[in-house]
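Student: Structure below; questions to follow.
The values are calculated or read from the model by the stated rules, or taken from the named source; none is laboratory data. Computed from a predicted model, the values in this text were never measured in an experiment. Cβ placement follows ideal geometry from the backbone for every residue including glycine, while neighbour counts extend to all protein chains displayed.
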There are 2 protein chains.
Amino acid sequence: MTRAMRKNDFPVSQVRRYLEPGPIVLVSSKWQGKTNIMTLGWHTILEFSPSLVGLMISGGNHSFDMIRSSRECVINLPTTAMTDTVVKIGNTTGAEIDKFVEFGLTADVAQEVAAPMICECHASFECRLHEDALVDRYNFFIFEVVKAHVAGSPKHPETLHYTGDGVFMVSGKIISRRSLFKPEMLG
Amino acid sequence: MTRAMRKNDFPVSQVRRYLEPGPIVLVSSKWQGKTNIMTLGWHTILEFSPSLVGLMISGGNHSFDMIRSSRECVINLPTTAMTDTVVKIGNTTGAEIDKFVEFGLTADVAQEVAAPMICECHASFECRLHEDALVDRYNFFIFEVVKAHVAGSPKHPETLHYTGDGVFMVSGKIISRRSLFKPEMLG
């Protein structure tokens with residue numbers, strides 16, 4: 001089991017630092033008293049402020065109706081320490097099991113949304129539905145991150161990046177090219 | 001300078017293998033006889049078949065009008081061997097320079113679109129505009145990958161994943177969890 005991570009408030013306009021690299025995320029939701037978690041790799045940052053993130057949530061997922069009805073979710077960032085849990089969450093359905101119980105995960109109360117945060121993840125981003133124009137045709141939801149929580153360390157956790165076919169790439173090593181940027185382009 | 005990569009045809013329904021991990025990509029375009037290249041990190045896979053990819057192309061980019069007008073582009077995948085070039089392409093504008101010439105890149109003729117492919121990249125995905133419903137409000141384009149070209153090796157090239165602030169994470173090391181998947185879930 002992975003330990004719970006203590007997290008600090010983080011600026012919502014800067015969540016790209018964790019999501020733009022394209023990691024697998026765990027999306028948690030709550031509807032009519034029940035919670036669920038899904039594994040998701042199809043997402044993109046869309047805007048800094050408001051802090052917008054696009055998620056493609058396939059209609060076959062038990063989470064789809066829960067998120068569509070509640071108009072909320074939490075995007076949680078797992079690290080490689082949670083690899084097996086990430087896979088198991090992706091390969092089971094919330095229609096049959098309670099994933100928090102089944103996988104020994106701790107639900108934490110979010111501040112702005114009813115969906116629970118996953119304590120064991122490195123970061124949790126509370127999201128409210130911002131735009132549903134492409135949900136019917138493409139299952140594409142645009143959420144606004146309304147509150148962000150990030151663990152203080154490590155600064156660049158090892159994250160999982162799915163290639164399909166049961167294989168993940170791992171990010172964590174970094175390359176800095178700050179010297180090639182003009183000062184006004186850096187945060 | 002990076003060497004040109006010889007590429008093979010690749011199934012368009014499987015481009016998620018290269019794009020789902022969330023790498024920085026180089027988007028090339030052509031309009032009214034001029035070509036351009038931009039660096040882009042805000043993208044997501046949306047569907048296997050048709051092979052759909054969503055790109056957020058900020059309106060401030062010189063490429064925006066070229067891509068909007070031509071309704072085409074090529075998504076090229078650079079590796080860490082091209083790190084400095086990736087940064088320089090992102091920090092200059094096609095309004096002032098010819099990026100193929102300036103950065104010593106080789107334009108290759110695509111099969112299905114007029115936009116050029118970048119020879120030095122590991123993969124090139126020819127794209128045609130599929131949906132522009134969210135372009136006005138969110139600069140979000142949905143493209144169909146109509147032809148894919150991928151270098152035969154390495155199987156998992158080192159790719160760049162941008163965190164903002166001049167810092168990239170590097171993916172390349174892999175973790176396989178094929179044993180945790182049911183056979184019908186694997187390709």
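Student: Hey, could you check the range B:74-88 for residues that are more than 13 Å from the chain's Cα centre (by Cα) and of a type outside the set (Ser, Thr, Tyr) and say which is surrounded by the fewest Cβ atoms within 10 Å (Cβ to Cβ)?
Tutor: B:Asp84
Student: For the range A:143-161, how many residues are at pLDDT below 95 and at the interface with chain B (Cβ under 7 Å from one of its Cβ atoms)?
Tutor: 1
Student: Here's a check for you: in the range B:91-105, which residue that is part of a helix (DSSP H, G or I) and not charged (D, E, K, R) is surrounded by the most Cβ atoms within 10 Å (Cβ to Cβ)?
Tutor: Among those that are part of a helix (DSSP H, G or I) and not charged (D, E, K, R), it is B:Phe100.
Student: Could you check the range A:48-85 and list, in sequence order, the residues that are touching a strand residue (DSSP E or B) at 6+ places or on another chain (Cβ under 9 Å) and aromatic (Phe, Trp, Tyr)?
Tutor: Listed by number, the list holds a single entry, A:Phe64.
Student: Please verify whether the range B:74-93 includes one or more residues that are more than 22 Å from B:Leu160 (Cβ to Cβ) and not aromatic (Phe, Trp, Tyr).
Tutor: no
Student: Oh, and also: Looking at B:Ala123 and the list (1) more than 26 Å from B:Met66 (Cα to Cα); (2) more than 10 Å from every other protein chain (Cβ to nearest Cβ), which single condition is not satisfied?
Tutor: The failed condition is (1).
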